[in-house]
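Here it is, the structure in full.
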Amino acid sequence: MSIGLIGLLDDVAAIAKVAAASLDDVASQAAKAGAKAAGVVIDDTAVTPGYVIGFEPKRELPIVGRIAAGSLRNKLLILLPAALVLSYFLPWTITPLLMLGGAYLCYEGAEKVLEAVMPHRAHHHEAQLGTVALNAQSVEDEKVASAIKTDFILSAEIMAITLAALPAGSIWKQALVLAVVAIGITVAVYGVVALIVKADDVGVTLARSDSASFVGRALGRGIVRGMPMLLKVLSVIGTAAMIWVGGGIILHGVEVYGPPEIHHAVKTAAEAVAHVFPSLAAILEWAVEAAISGIIGLLIGAAAIPAVGFVFAPAWKSLKRLLQRRQDMSAR
């Protein structure tokens with residue numbers, strides 16, 4: 001009996017070791033795959049704080065929480081199953097879908113550039129589009145819907161990049177790694193966003209605190225004065241990242257489907273610049289490719305603005321009317 005018990009304990013220990021090794025493998029794959037999506041993660045972190053500008057301080061964290069919940073819902077309930085199904089049954093569709101998402105990011109970035117350069121033209125374009133939310137009850141609802149829409153595209157890119165970085169293996173392990181990456185990135189991104197949007201409140205508290213030292217109060221005043229500039233810088237970084245990431249995705253798709261001369265020309269230009277300064281070769285090569293991706297992204301985004309205004313906006317308005325009629329009929 002004791003021998004049987006010892007054998008059972010050995011089996012349990014062996015199973016525990018296998019499970020621990022499997023969990024370590026999942027964590028390792030999640031870390032490596034998540035690192036591949038770093039560019040999109042930075043984009044997501046830089047873009048989101050702009051959606052809470054103009055709201056009362058007490059609404060900032062609830063808005064970030066609503067966007068984070070929508071992002072996590074998109075990743076786990078829609079994008080994760082869709083990524084696994086497409087990779088298993090229709091793997092050839094992933095790159096074209098990524099390119100569509102990249103084109104949308106280019107459009108979003110170009111729209112923000114238009115707003116900065118020609119605000120009246122940008123407001124006219126926004127009026128053409130109408131609201132994003134189906135039944136927006138407030139400005140907050142519309143902002144949250146717009147943020148979740150943009151996050152959906154960024155999340156789709158993150159999940160696709162993560163899936164492409166995973167080695168072939170069990171679909172359940174791939175699903176677990178995708179879930180770990182989805183949860184980890186969402187917590188990290190929106191945790192940082194929450195810290196950014198509440199930093200000015202922390203600064204005010206420090207500046208007014210009688211118990212804080214002179215250095216603490218000075219730090220608080222510095223935070224309060226610096227936050228508006230930081231938010232502007234983040235807005236610029238987010239816009240640039242949208243255009244750069246979107247253009248890079250399009251460029252990668254062209255590398256897969258388009259003529260090889262385009263990819264060859266980009267590599268040749270990058271290598272030529274890197275050759276001038278051999279000590280900075282890797283950095284310069286990356287910078288040139290990023291700059292070319294940005295130019296391509298800006299051109300695609302600029303071309304997409306009239307297309308969205310004259311084609312997609314009317315189609316979306318018609319679809320919204322149809323959906324609202326159906327909701328009204330079901331409510332009766």
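Quick check, is S293 hydroxyl-bearing (S, T, Y), open to solvent by less than 50 Å² (accessible area, probe 1.4 Å) and either touching a strand residue (DSSP E or B) at 6+ places or on another chain (Cβ under 9 Å) or modelled with pLDDT of 75 or more (or both)?
yes
A further question follows. What are the residues in segment 99-116 that are touching a residue at least 24 places away in the same chain (Cβ under 8 Å), open to solvent by 40 Å² or more (accessible area, probe 1.4 Å) and under 17 Å from the mean Cα position of the chain (by Cα), if any?
M99, Y104, K112
It is to be established whether one or more residues within segment 271-288 are in contact (Cβ under 8 Å) with a residue 24 or more places away in the chain, open to solvent by 70 Å² or more (accessible area, probe 1.4 Å) and within 25 Å of Y107 (Cα to Cα).
no
Looking at (1) assigned to a helix (DSSP H, G or I); (2) open to solvent by 20 Å² or more (accessible area, probe 1.4 Å), which one does L178 not meet, given that it meets all the others?
Failing condition for L178: (2).
Quick check on G169: is it out of contact with any helix residue (DSSP H, G or I) (no Cβ under 7 Å at 6 or more places or on another chain), modelled with pLDDT of 85 or more and open to solvent by 20 Å² or more (accessible area, probe 1.4 Å)?
no
For segment 133-152, name all the residues that are part of a helix (DSSP H, G or I), hydrophobic (A, V, I, L, M, F, W, C) and at pLDDT below 80. Can you show your working first?
First, the residues of segment 133-152 that are part of a helix (DSSP H, G or I): 139-152.
Going one step further and asking which of them are hydrophobic (A, V, I, L, M, F, W, C), we end up with 139, 144-145, 147-148, 152.
V139 - this is the single residue of segment 133-152 that is part of a helix (DSSP H, G or I), hydrophobic (A, V, I, L, M, F, W, C) and at pLDDT below 80.
The values are calculated or read from the model by the stated rules, or taken from the named source; none is laboratory data. What you see is a predicted model; the values in this text were computed from it and never measured. FYI the Cβ positions are ideal-geometry reconstructions off the backbone, even for glycines, and counts take in every protein chain you see. Ligands, DNA and RNA are stripped out before the accessible areas are found, and what is left, the full protein with its side chains, is counted by its heavy atoms. Shrake-Rupley method; radii C 1.70, N 1.55, O 1.52, S 1.80 Å.
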